[in-house]
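Report on the structure given below.
Every read-out reported here was derived from the displayed coordinates using simple, explicitly stated rules and does not represent laboratory data. Model, not experiment: these values are computed from the prediction. Cβ: placed from backbone, ideal geometry, glycine included. Neighbour counts: every protein chain shown.
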Amino acid sequence: MTPLLQVKGLTQRYGARIGCADVSFDLYPGEVMGIVGESGSGKSTLLNCLAGHLEADAGEVIFDTRVDGPRDVRAMSEPERRMLARTDWAFVHQNPRDGLRMGVSAGGNVGERLMAVGARHYGDIRGQALDWLDRVEIAADRIDDRPTAFSGGMQQRLQIARNLVTGPRLVFMDEPTGGLDVSVQARLLDLLRGLVREMGLSAVIVTHDLAVVRLLAHRLMVMKSGHVVEAGLTDQVLDDPQHGYTQLLVSSVLQA
Amino acid sequence: MSDYNFAYLDEQTKRMIRRAILKALAVPGYQVPFASREMPMPYGWGTGGVQVSAACLVPEDRLKVIDQGADDTTNAVSIRRFFERTAGVATTGRTRDATLIQTRHRIPEEPLTRDQILVYQVPIPEPLRFLEPRETETRKMHSLEEYGLVHVKLYEDIARHGQIATSYAYPVKVEGRYVMDPSPIPKFDNPKLESAAVQLFGAGREQRIYALPPHCKVVSLDFEDHPFVPSKADHACDLCGSDTSYLDEVIVDDAGGRMFVCSDTDYCEGRREAGHLGRLAASGPSAPGQEDAA
Amino acid sequence: MYVAVKGGERAIENAHAWLAEERRGDPAVPELSVAQIREQMALAVNRVMAEGSLYDPDLAALAIKQARGDLIEAVFLIRAYRTTLPRFGSSLPVETAQMRCDRRISATFKDAPGGQVLGPTFDYTHRLLDFKLAAEGDVAPAPQAAPQAGPVPHITDFLNRDGLIQTEEQSEEAPPDLTRQPLEFPANRALRLQSLTRGDEGFVLGLAYSTQRGYARNHAFVGELRIGRVAVEMEVPELGFAIQIGEVELTECETVNQFSGSKTEPAQFTRGYGLVFGQTERKAISMALVDRALRWRELGEDNLGAAAQDEEFVLSHCDNIQATGFLEHIKLPHYVDFQSELELVRRLRAEAEAAREAAE
């Protein structure tokens, strides 16, 4: 089977400081990869390099495109990359404000990606928006409200709906449960797990919260100072950590 | 005014503007940056249109200038007089007699021909400006053809008002590529953008020229189930009786009494001369009145 | 019966005649001469030259007279006239170190080679209305001193010699010309300075003030402010060498701003620069502060989202001729657009009304 995403030797520096160094992994269709580490470990840099928000210094990010098969995203033209970003890819930001248009209604937020790829039937767009609001458990009568009137958890669910409406194959998530109350987090995680399974999504999830990866990720990479120090199946890494740093990470959670 | 060159601008400048016009015609709907000059009239009062007209005019031309469809509004008078003084060209109020028409906010009712040039005055050339204030961003959106946001605006209109609530400066897509602001013409005029004439758009303050070559495809943006409707007041002209022309509403007394008259004054006069009479017209063709505005 | 309003042409002529009469004012009061404005309203003349981008005190004075003292209108007249002038070439850069200074002060050093020269400043006047000026009378001549000979080195040069202030890179590149090329972003520093020097004094002042109040604060001192005359030289191809073609009065301001640096880069002060036609020091200082704020990227500072840091915002809005034209164009008839909005609002109201009735 061809991996959906192959990452080879991805490196990004900020001057003398290392953002992420020589990161390589494969992600297969339907697989969820978790990246954990403390803040400053390079996990967000890595995610932004993968998603093309940051220009990496070296390495390859090969995506199995629908039409042309595996292609290095970094070698694509900007229009191609942007097209990918609004069709087959999705990006869920930690802060929903970064991923939503706060001045546009919930329906408009969900409909934007559809319109960006050519949807021109208002009724259909609205129908799909309603369907997606339902799937992320937002009441239909909120469709014309702006996200400013929503709670943090609702905003995050709306962001997820907006991202998934075009049926992407690969989702990047940056601390999707960060900044939410524990009870709200649990509901969101439940929802995400359902959607990932149902849609057969592949995802790369960056988080500092081991509970998130335990629930969502099949595989795990642990990062420290820009380097991947340990990688493997999630349960294996969490239950039998080999690297000292991973052991520390796991034990600190257990103590907490 | 013999101190100034023909049509005010020096030949170097006119050549620069003509190059921009040619580029604009070659890439319909694309906004070509040009080094707009400071004109002896304020920015926002037609400096872009005036520069484009100045670059196109030749001594044999016959010029018509309209503002809100009328030849006799003050700014139209002022611009017409500017070219009378600096270019010495003949002027006319008759649409069919004009070789070059400079306009603000209207397209004449009478279809234009291949021998005519229509020059629009444009305040804000960027159709995405009120969705995204940054020029660096909007240029990128055009170059990558990222126009989803324009439809989001239309979607929001329908969600809130039940219909698309843009009544003028209604965005169009040109030849399936560039989204373009047709200048603040009422959307009633949008279908006339597909024309036999050359149409040039000049924005002086914003330093942009864009164009529609003859018979170029111009589609007003809409949804399949909320199609574009070129609307007007649901009346006939009270002077000439036309029920197909764009109408101005005029308040005629203190009690709020009102009447509707053609915005295109030449069209209205032509119809009256041909014997068409509206609800409030005196019997027989009448010359327009001579009341002073001052 | 209703008749369409005609006679725009005559209305315009009448308005112009009335304007001319108002411009003259009471004929019993003697008329102002252009020379009087040039000599006695010199700071207004300077502002019009600076923002009009044309160094000609007589034309600026004429423009002020024609504009009835409305300085933005006067700038507009000068700009429109300037468009019609042929361009013969560009001068060599002026040497402000060779300036014959009428005024030269530094806030960063108590004294400096060449000394502090207050010059003809309002700075320490008490702002009390001087009713003596209401009566006409001669002014006693001010005390004289022999002018200093030789160049007056810049105070920032002393700092530069010790590496205490960031060095500006020399460039032989011809600067772009704002009046001959469309403004495109990103703009380099030469273009930003060009835009600021002809920008509206009030706008640039307001932005500079905002940086002082914490919107992208850059902690400026006036390193040096100098006002005086410099020679303008031009290379004439036929001659093969530069000749002096005239002299202009300039105000130059160099600010010394907060230092940058890190563990690896030694700390250094940074600079802002202002250079404006005529005696226009409020403008020159403002310009230097805004210039400094706009340099955040090259100096490795954070974008704090302040207006004065936003090149596109500053450059797109600092020109008062563009601003005033667009602002005032809303006086022009818009009734075609308004009519289309009117129809729309009526239709929306009617539909809402119908929906309400249907619901009841």
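Could you sort the peptides A:101-112, A:55-66 by per-residue average Cβ neighbour count (10 Å cutoff), highest mean leading? Could the numbers behind the result be given before it?
Details: A:101-112: 22.9, A:55-66: 17.3.
The peptides rank, most packed first, as A:101-112, A:55-66.
If you average over every viewing direction, what projected area does the convex hull of the Cα atoms of the range B:30-115 give, in nm²? If you can, show how the numbers build up before the last one.
Working: hull surface 24.4 nm².
Average projection, Cα convex hull of the range B:30-115: 6.1 nm².
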Sort out for me the Cα centre separation of the range B:90-118 from the range C:82-124, rounded to whole Å.
54 Å
Dipole of the range C:46-157, Cα-centred, from +1 at each Lys and Arg C-beta and -1 at each Asp and Glu C-beta, to the nearest 20 debye?
200 debye
If you build a Gaussian network model of chain C, linking Cα atoms that sit under 10 Å apart, which residue out of C:T167, C:T280, C:T251 swings the most?
C:T167
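Any idea what the dipole of the protein assembly as shown comes to, in debye rounded to 20, about its Cα centre with Lys/Arg Cβ at +1 and Asp/Glu Cβ at -1? Intermediate values should be presented prior to the final figure.
Numbers: 99 positive and 130 negative charges, 141 e Å.
So the magnitude is around 680 debye.
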What are the aspartates and glutamates whose alpha-carbon lies under 14 Å from the alpha-carbon of C:K110, with same-chain residues fewer than 8 places away excluded?
C:E224
Mind putting together the pair-distance distribution for the range A:8-134? All Cα pairs, 10 Å bins, whole percent per bin, short to long.
10, 34, 33, 19, 4, 0
Charge dipole (chain C, unit charges on Cβ, about Cα centre) - positive-most of C:Q40, C:G137, C:A80:
C:G137
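Work out the mean other chain Cβ neighbour count within 10 Å for the residues of A:111-120 and drop it here as an integer. Write out the running numbers ahead of the final one.
Working: counts 6, 5, 1, 3, 9, 7, 1, 3, 5, 8.
Other-chain Cβ atoms within 10 Å of each residue's Cβ, averaged: 5.
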Taking amide H positions as placed in the peptide plane 1.01 Å from N, state which residues far from B:V32 in sequence (5 or more) or on other chains have amide H under 5 Å from it.
B:I209, B:Y210
Taking the Cα centre of the range C:2-82 as origin and charging only Cβ (+1 Lys, Arg; -1 Asp, Glu), how large is the dipole, in debye to the nearest 20?
180 debye
Just the number, please: percent antiparallel of the DSSP beta bridges in the protein assembly as shown, rounded to the nearest 5.
70 percent
Could you tell me, in Å, what Rg and Dmax come out for the Cα atoms of the protein assembly as shown?
33.4, 103
Would you list, by chain and number, the lysines whose Cα falls below 20 Å from the Cα of A:K43, excluding same-chain residues fewer than 8 positions away?
A:K8, A:K224
At q = 0.27 Å⁻¹, what log₁₀ I(q)/I(0) does the range B:127-198 have when each alpha carbon counts as one equal point scatterer in the Debye sum?
-1.32
Roughly how compact is chain A, stated as its Cα Rg over 2.2 N^0.38 Å to two decimals?
1.01
Most mobile of A:R13, A:R135, A:R120 in a GNM of chain A (Cα contacts under 10 Å)
A:R120
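Residues of B:150-158, mean number of Cβ from any other protein chain within 10 Å of their own Cβ, rounded to a whole number? Could you put the intermediate results ahead of the total?
Values: counts 1, 11, 11, 2, 4, 13, 9, 0, 6.
Average neighbour count from other chains, rounded to a whole number: 6.
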Can you find, among A:G152, A:I138, A:N95, the residue farthest towards the positive end of the dipole of the range A:94-167? Put +1 on the C-beta of Lys and Arg, -1 on that of Asp and Glu.
A:N95
Distance from the range C:6-45 to the range A:1-73 (C-alpha centre basis), Å
71 Å
Quarter of the surface of the C-alpha convex hull for the range C:163-253, i.e. direction-averaged projected area in nm², equals 9.0 nm²
Cα atoms only: what Rg and Dmax, in Å, come out for the range C:209-360?
26.2, 92
For chain A, share of DSSP beta bridges that run antiparallel, in % to the nearest 5
55 percent
Computed curve, the range A:94-167, Cα-only Debye sum without solvent term, log₁₀ I(q)/I(0) at 0.11, 0.20, 0.21, 0.24 Å⁻¹, is -0.21, -0.72, -0.80, -1.06
Roughly what % of Cα-Cα distances in the range C:16-161 sit above 17 Å, to the whole percent?
75 percent
Principal axis dimensions, largest first and in whole angstrom, of the range A:92-227 by Cα
47, 28, 25
Can you find, among B:P213, B:T73, B:G270, the residue farthest towards the positive end of the dipole of chain B? Put +1 on the C-beta of Lys and Arg, -1 on that of Asp and Glu.
B:P213
Computed over chain B, the distribution of all Cα-Cα distances in 5 Å bins, rounded to whole %, is 1, 5, 11, 15, 17, 16, 13, 10, 7, 3, 1, 0
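So if a site counts as exposed when it's one of the chymotrypsin sites (Phe, Trp or Tyr not before Pro), its DSSP state isn't H, G, I, E or B, and it has at most 11 other Cβ atoms within 10 Å, what's the longest stretch of chain C without one? Display every interim value, and only then the final one.
Values: sites that count: C:F88, C:F122, C:Y124.
By the stated rule (loop sites, at most 11 other Cβ atoms within 10 Å), C:125-360.
What per residue convex hull volume, in Å³, do the alpha-carbon atoms of chain C yield? Mind showing how you got there, number by number?
Working: hull volume 102.2 nm³, N = 360.
Dividing the Cα hull volume of chain C by its residue count gives 284 Å³.
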The range B:1-41 and the range C:195-267: distance between their alpha carbon centers, rounded to Å:
33 Å
Indicate, rounded to the nearest 5 percent, the antiparallel portion of the DSSP beta bridges found entirely in the range A:107-256.
55 percent
DSSP loop GluC sites (Glu not before Pro) in the range C:24-92 with at most 10 other Cβ atoms within 10 Å of their Cβ, which ones?
C:E31
FRET efficiency, A:A211 to C:E341 (Cβ-Cβ, R0 51 Å, nearest 0.05):
0.40
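Stick to the Cα atoms of the range B:99-230, pair each with every other, and give me the Kirkwood hydrodynamic radius in Å at one decimal. Don't skip to the answer; put the middle values down first.
Working: mean 1/r = 0.0654 Å⁻¹.
Mean inverse Cα-Cα distance, inverted, gives 15.3 Å.
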In peptide A:98-109, how many Cβ atoms from other protein chains are near each Cβ within 10 Å, on average?
3
List, in the order given, every pair from B:K14/C:K283; B:K23/B:K187; B:K23/B:K173; B:K64/C:K65; B:K140/B:K187; C:K65/C:K283 whose Cα-Cα distance in the structure shown is over 29 Å.
B:K14/C:K283; B:K64/C:K65
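Taking every eigenvalue of the Cα gyration tensor of the range C:247-300, multiplying by 5 and rooting it, what semi-axes result, largest first, whole Å? Working shown, then result.
Values: eigenvalues 151, 20, 12 Å².
Over the Cα atoms of the range C:247-300, the semi-axes work out to 27, 10, 8 Å.
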Under 10 Å, Cα contacts only: if you run a Gaussian network model on chain B, which one of B:R85, B:R279, B:R19 comes out with the highest mean-square fluctuation?
B:R279
Note: the range C:2-82 at 37 °C, 0.692 mPa s; Kirkwood Rh on alpha carbon pairs; Stokes-Einstein D in µm²/s works out to 236 µm²/s
